[in-house]
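**Student:** Pasting a structure below so you can have a look.
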Amino acid sequence: MQIPAAFFTDYHVHTSISPCAREEMTLERIIERAERRGYRAIGISDHAYPETCERILGLRREVEALDTGLEVYLGCEVDVLHDGSLSVGADLLAELDYVLAAPTHSLQMFDPDGADEDARREQIERWFALSECCCDHPVLDAIAHPLRGLGGGLEAEPLLNGLEEGRVGRLLDKLRAAGLALELTDSMENYRSACEGIRRFYGAAERRGFLFCPGSDAHGLDRLGHQWHAVWLYRDLGLHGTRMWRPGGERPR
Ligand SMILES: [Zn+2]
Ligand SMILES: [Zn+2]
């Protein structure tokens, strides 16, 4: 199966600065692996917390010192917190090449025994609210794994399939008006990208003219470029290269 050229880029890669990434994720080894795979561009996107921010910004010198034909961008993945604020101030984020927003990090994990209808409804409400908050921060470029974590560790497919279409449409209209891109990713845990709810969400985004951002969310070298579901979705949506987001590119209006 031939991989579309758009997937020789990966804008969601964690180095060992992220507490959840493996030690092997040094900038040098990431670049070496990406070069060997014939990549064109890589974006480093560590979790931006107050305690990691300085090290992320410190990567700039390392990136500039690299001897590579790859385009290398320095970005980050910032949490959207419960109150809608970001885990790091916009002034620091503005120093990076791009910023991925992660509203779904603040979704709750379900207690398998207590995940009743009310808890699920609440989760959906939270997802809508957190996603919408991304519009309030002009420093954000794209939403990382927009549908991840809805299941709170349990089966997510019924929740995804049950998302109300009109409401999703209104949310997408706002995100689109704010110039945000959406990540196409394999970081989807316990559900298949073929699930109806995911296809509907991305299909509605495609019709609204969104740009899509390829990202593997690699926390280990073996996950770099792991984008099989994303490639599947890309084909399913009939996308082409011009619909793919890149750092520093023009925002669609
Ligand atoms: Zn994430
Ligand atoms: Zn990530």
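Taken together, the values in this text are just the output of simple stated rules run on the coordinates, not laboratory data. Owing to the predicted nature of the structure, the values given are computational and were not obtained by experimental measurement. Ideal geometry is used to build each Cβ from the backbone, glycine not excepted, and the neighbour counts take in all protein chains shown.
**Student:** Only Cα pairs within less than 10 Å get springs; with that Gaussian network setup on the chain, which residue of D116, D236, D97 has the largest fluctuation?
**Tutor:** Highest fluctuation of the listed residues: D116.
**Student:** Sort 11-19, 226-234, 171-179 by packing, meaning the average of other beta carbons within 10 Å per residue, with the highest value first.
**Tutor:** 11-19, 226-234, 171-179
**Student:** Then there is this: Using the Cα centre of the stretch 107-253 as origin and beta-carbon charges of +1 (Lys, Arg) and -1 (Asp, Glu), tell me which of I124, H240, G203 is placed farthest towards the positive end of the dipole.
**Tutor:** Positive-end residue among those listed: H240.
**Student:** Normalising by the residue count of the stretch 35-164, find the relative contact order in percent from Cα pairs under 8 Å and 6+ residues apart.
**Tutor:** 23 percent
**Student:** Just the number, please: percent antiparallel of the DSSP beta bridges in the chain, rounded to the nearest 5. Each step should come with its number before you reach the end.
**Tutor:** Values: 1 of 27 bridges.
Counting only bridges with both partners in the chain, antiparallel ones make up about 5 percent.
**Student:** Tell me the mean residue ellipticity at 222 nm calculated for the chain from its helices only (DSSP H runs of n ≥ 4, each -39500 (n - 2.57), averaged over every residue, nearest 500).
**Tutor:** It comes out at -9500 deg cm²/dmol, rounded to the nearest 500.
**Student:** Determine the shape class of the stretch 5-243: with a ≥ b ≥ c the square roots of the Cα gyration tensor eigenvalues, call it rounded for a/c under 1.5, and otherwise prolate if a/b is greater than b/c, oblate otherwise.
**Tutor:** prolate
**Student:** Relative contact order for the stretch 5-243: what percent, with Cα pairs under 8 Å and sequence separation of 6 or more?
**Tutor:** Relative contact order for the stretch 5-243 comes out at 21 percent.
**Student:** Once amide H atoms are built 1.01 Å from N in the peptide plane, which residues 5 or more positions from M25, or in another chain, come under 5 Å H to H?
**Tutor:** Counting only residues 5 or more places away or on other chains, the set is S16.
**Student:** With a cut-off of 16 Å, note down the residues of the stretch 86-109 whose backbone N falls inside the zone around a label point 7 Å from the Cα of R60 toward its beta carbon.
**Tutor:** Inside the label zone: 89-99.
**Student:** How many angstrom separate the Cα center of the stretch 127-144 from the Cα center of the stretch 26-58?
**Tutor:** 23 Å
**Student:** In whole Hz, what ³J(HN,Hα) sequence does the stretch 136-153 give by Karplus (6.51, -1.76, 1.60; θ = phi - 60°), x for Gly and Pro?
**Tutor:** In residue order, the calculated couplings are 7, 10, x, 6, 7, 10, 8, 9, 6, 4, x, 10, 6, x, 4, x, x, x Hz.
**Student:** Normalised by the number of residues in the stretch 129-224, what is the relative contact order in percent for Cα pairs under 8 Å and 6+ residues apart?
**Tutor:** The normalised contact order for the stretch 129-224 reaches 34 percent.
**Student:** What ranking do I124, I31 get, fewest neighbouring Cβ atoms within 10 angstrom at the top?
**Tutor:** I124, I31
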